1. In this structure, does GLU85 turn out to be farther than 28 Å from GLY42 by Cβ, in contact with a strand residue (DSSP E or B) (Cβ under 6 Å, 6 or more places away or on another chain) and modelled with pLDDT of 95 or more?
2. Which ones in segment 27-37 are more than 21 Å from ARG4 (Cβ to Cβ) and at pLDDT 95 or above?
3. Does SER99 satisfy the condition of being surrounded by 15 or more Cβ atoms within 10 Å (Cβ to Cβ), polar (S, T, N, Q), within 23 Å of ALA8 (Cα to Cα) and at pLDDT 95 or above?
4. Within segment 125-148, is there a residue that is touching a strand residue (DSSP E or B) at 6+ places or on another chain (Cβ under 8 Å) and open to solvent by less than 40 Å² (accessible area, probe 1.4 Å)?
5. Quick test of your reading of the structure: MET113 fulfils all but one of (1) open to solvent by 30 Å² or more (accessible area, probe 1.4 Å); (2) closer than 23 Å to VAL95 by Cβ; (3) at pLDDT 90 or above. Name the failing condition by number.
6. Which condition number does GLU63 fail, the rest of (1) closer than 17 Å to VAL5 by Cα; (2) crowded, with 18+ Cβ neighbours inside 10 Å being met?
7. Which condition from (1) at negative phi; (2) open to solvent by 70 Å² or more (accessible area, probe 1.4 Å) is the one that LEU74 breaks?
8. Condition first: in contact with a Ser or Thr (Cβ under 9 Å, 6 or more places away or on another chain) and modelled with pLDDT under 75. Now tell me which residues in segment 116-155 satisfy that.
Amino acid sequence: MPVRVQTADFDVGAEIAALRMNDPRVGAVAVFVGTVRDVSDGSGVSSMTLEHYPAMTERALREICEQAGARWDLLGTSVVHRVGELRPADQIVLVIVTSAHRGDAFAACEFIMDYLKTEAPFWKKEHTDGGARWVEARSSDEQAAARWREPPKPD
């Protein structure tokens, strides 16, 4: 389960190929790519700075992927998250999940992203028209993660 935190950009196609490794068991690949927007809360964004705790962040990302693997039948997961200064349209995060079936891949990809947003120790500072500001946690991110904490409903 590759997990990397880096300043350099990533190649989505190369990352998918590396995770799949032509494994004939793979019937589904779910991918999420997050990018920097040019507007946030009504203000123009010129750049964003992402900070993290190096060893702690990688450990948190691995644990999130392990949790996904315990919940769904997965063949592989990969997370690449960038740090440092990024500009609008730059790629920030990549989550890839492989499985035999699309349902597991979609659900696990969404789970990993929801938990990454709420559990991984990253801090974002946006540089906007009105000055620099730290980005607060969004209640919508907490609500998205909370739905995974609820016990599954019986069929």
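The values are calculated or read from the model by the stated rules, or taken from the named source; none is laboratory data. Bear in mind that the values here come from a model prediction, so they are computed numbers and not experimental data. Neighbour counts run over all protein chains shown; Cβ positions are idealised from the backbone, glycine included. To get the accessible areas, we keep the full protein, side chains included, count just its heavy atoms, and leave off ligands, DNA and RNA. Shrake-Rupley method; radii C 1.70, N 1.55, O 1.52, S 1.80 Å.
1. On the way: farther than 28 Å from GLY42 by Cβ: no; in contact with a strand residue (DSSP E or B) (Cβ under 6 Å, 6 or more places away or on another chain): yes; modelled with pLDDT of 95 or more: yes.
It is false that GLU85 is farther than 28 Å from GLY42 by Cβ, in contact with a strand residue (DSSP E or B) (Cβ under 6 Å, 6 or more places away or on another chain) and modelled with pLDDT of 95 or more.
2. If we filter segment 27-37 for residues that are more than 21 Å from ARG4 (Cβ to Cβ), which is where we start, we get 27-28, 37.
Result: GLY27, ALA28.
3. On the way: surrounded by 15 or more Cβ atoms within 10 Å (Cβ to Cβ): yes; polar (S, T, N, Q): yes; within 23 Å of ALA8 (Cα to Cα): no; at pLDDT 95 or above: yes.
No: the conditions fail for SER99.
4. First pass over segment 125-148, keeping only residues touching a strand residue (DSSP E or B) at 6+ places or on another chain (Cβ under 8 Å): 125-130, 132-135.
From what's left, open to solvent by less than 40 Å² (accessible area, probe 1.4 Å): 126, 128.
For segment 125-148, residues touching a strand residue (DSSP E or B) at 6+ places or on another chain (Cβ under 8 Å) and open to solvent by less than 40 Å² (accessible area, probe 1.4 Å): present.
5. (1) is the only condition that MET113 fails.
6. In the conditions (1) closer than 17 Å to VAL5 by Cα; (2) crowded, with 18+ Cβ neighbours inside 10 Å, GLU63 misses (2) alone.
7. Condition (2) is where LEU74 drops out.
8. The answer is ALA137, ASP141, ALA144.
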